[in-house]
Amino acid sequence: MTVVGAMFGFKYQYCKKRMVAYINGELDDRARRRVARYVDTCPRCYAEYQRQREIHRNLAADLPSFGRPQAAQLDRIWTAVKADLAAPSARRHPQPYLRVRYGVLMMLLITAMIFPLVFGSRSISQAAATPPTPSESRTVSAMLVTEAVATTDVILAEPTEQAMQPIDLSDETQAFSTPDVAPQRTPEATR
Amino acid sequence: MGEQPDNPLESLNSTNDLIQRCLGGDQVAYTQLYERYAAGIYRLCYGLILNTLDAEDVVQESFVYAFKNLRRFDPAKASFKTWLYTIAVSRSRNTYRRKRLPQVELSQLFQLNVAAPRSQAPEARLAHRNAEDALMRALADLSPNLREAVVLRYGHGLTYREIAEVMNCPPKTAESRVRLAHDRLRKLLTGSGRAILDELLSI
């Protein structure tokens, strides 16, 4: 392809892309002047201009009258529009209904969130409040009695150094814990 | 019922005046506003939907919506015409999304709706009808976006900026849609339309 051919090709592509806007008067001044110059100097650009101008003329002539309504049609539509405007809007009612519905939904959600908390904590407290075995209860009551007596003695007596010492609860806690007995292995099990 | 006046400034002022009167509860103003824009909106809807009954429904819906939401119209953002066209295009889109299959109207089937003036000779009327049919087929062959662009540009004389506002797209997109529609229509109308148009010119 020669340099002149390439130049014409470039001009043609430039014009082709902008020709419709050029004919419609939608190009800015600079682009409009450039297209006009190419149309004047390049035969392909001129041919493109003629083709586009012809279809532009046909469309501009035909489309404005395409589907032009009759007066009776417009009167009929206007009657329907007036009837629609006069009728009470059907969309006014759903708003309070929607509000109630969303309120109920929120209540259900809150209940669903609270439910596991309430019933979950009750089950934990129930599990913690299992009654102790008779032997344990005896030990616990004896300890409570001795502790109460000791506390009364401490209150009545002068505060001594020993009384000020922190009470070692290791023995008492042992009373609550189960004896740490390793399971005995039977000869059958070892085998 | 005529379309909007030729002078844009006068039209704008009187339209704003009519809107104010409508907001004040003037029923006559509603009628005048409808009379001013109804024909244009109908042509727009018919050009997009290509069906008389559906176009009538869309025009009705568009005006009902516009009149009910007249307080929402902001003259600072767009002209009333552009706002109304946006509503009509949006409703037309809903309609042709619902009805993708092409439909033939009974009136067309029995050739009852000849739009040519009565003063024309029978040959001219026939040629006019053929040209309109060719245009209708060509428009039906376009994609909805291209059809909207070309109808708004050539049928209603909107600028690329106004087309972009109505179609809710950038102005460059509106420009390219008009160009693509132009090219496509040129190809579609060259075969059938050329002979018809020549026939029209000879008459």
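Failed condition for residue B:34, given (1) open to solvent by 10 Å² or more (accessible area, probe 1.4 Å); (2) over 10 Å from the mean Cα position of the chain (by Cα); (3) not hydrophobic (A, V, I, L, M, F, W, C), with all others met?
Only one criterion is unmet by residue B:34, namely (1).
Go through the range B:136-187 and give me each residue that's hydroxyl-bearing (Ser, Thr, Tyr), assigned to a helix (DSSP H, G or I) and surrounded by fewer than 20 Cβ atoms within 10 Å (Cβ to Cβ). Before you say what the answer is, go through the steps one by one.
Step one: list which residues in the range B:136-187 are hydroxyl-bearing (Ser, Thr, Tyr), which gives B:143, B:154, B:159-160, B:173, B:176.
Those left that are additionally assigned to a helix (DSSP H, G or I): B:154, B:160, B:173, B:176.
Those that are hydroxyl-bearing (Ser, Thr, Tyr), assigned to a helix (DSSP H, G or I) and surrounded by fewer than 20 Cβ atoms within 10 Å (Cβ to Cβ): B:173, B:176.
Out of the residues in the range A:69-118 that are open to solvent by 100 Å² or more (accessible area, probe 1.4 Å), outside any helix (DSSP H, G or I) and at pLDDT below 90, state the one that is nearest to the other protein chains (Cβ to nearest Cβ).
Ranking the qualifying residues of the range A:69-118, first place goes to A:91.
Does at least one position in the range B:156-170 carry a residue that is charged (D, E, K, R) and away from chain A (no Cβ under 12 Å)?
Scanning the range B:156-170 turns up at least one residue that is charged (D, E, K, R) and away from chain A (no Cβ under 12 Å).
What are the residues in the range A:7-59 that are assigned to a loop (DSSP other than H, G, I, E, B) and away from every other protein chain (no Cβ under 14 Å), if any? It would help to see each step written out before you state the result.
Residues of the range A:7-59 assigned to a loop (DSSP other than H, G, I, E, B): A:24-28, A:42.
Within the range A:7-59, just A:42 meets the criteria.
At pLDDT 90 or above and either open to solvent by 40 Å² or more (accessible area, probe 1.4 Å) or under 28 Å from residue B:147 (Cβ atoms) (or both): does that describe residue A:28?
Details: at pLDDT 90 or above: yes; either open to solvent by 40 Å² or more (accessible area, probe 1.4 Å) or under 28 Å from residue B:147 (Cβ atoms) (or both): yes.
Yes.
Would you check which residues across the range B:55-89 are among the hydroxyl-bearing types (Ser, Thr, Tyr) and either within 10 Å of chain A (Cβ to nearest Cβ) or open to solvent by 20 Å² or more (accessible area, probe 1.4 Å) (or both) and list them?
Correct list: B:62, B:65, B:79, B:86.
Working carefully through the options B:36, B:21, B:71, find the one that is under 19 Å from residue B:156 (Cβ atoms) and either at pLDDT 90 or above or among the aliphatic types (A, V, I, L, M) (or both).
Going through B:36, B:21, B:71 in turn, the sole match is B:36.
Going by what's in this entry, would residue A:18 be described as surrounded by 12 or more Cβ atoms within 10 Å (Cβ to Cβ), closer than 30 Å to residue B:177 by Cα, modelled with pLDDT of 90 or more and touching a Gly at 6+ places or on another chain (Cβ under 9 Å)?
It is false that residue A:18 is surrounded by 12 or more Cβ atoms within 10 Å (Cβ to Cβ), closer than 30 Å to residue B:177 by Cα, modelled with pLDDT of 90 or more and touching a Gly at 6+ places or on another chain (Cβ under 9 Å).
Please identify the pairs in which a residue from the range B:27-41 that is away from chain A (no Cβ under 11 Å) has its Cβ atom under 7 Å from the Cβ atom of a residue that is open to solvent by 40 Å² or more (accessible area, probe 1.4 Å) and assigned to a helix (DSSP H, G or I), counting only partners at least 6 apart or on another chain.
Partner pairs satisfying both residue conditions: B:29/B:21.
The values are calculated or read from the model by the stated rules, or taken from the named source; none is laboratory data. Bear in mind that the values here come from a model prediction, so they are computed numbers and not experimental data. Cβ coordinates were reconstructed from backbone atoms using ideal geometry, including for glycine residues, and neighbour counts include every protein chain displayed. Accessible surface is based on the protein model in full, side chains and every heavy atom, while ligands, DNA and RNA are left aside. Shrake-Rupley method; radii C 1.70, N 1.55, O 1.52, S 1.80 Å.
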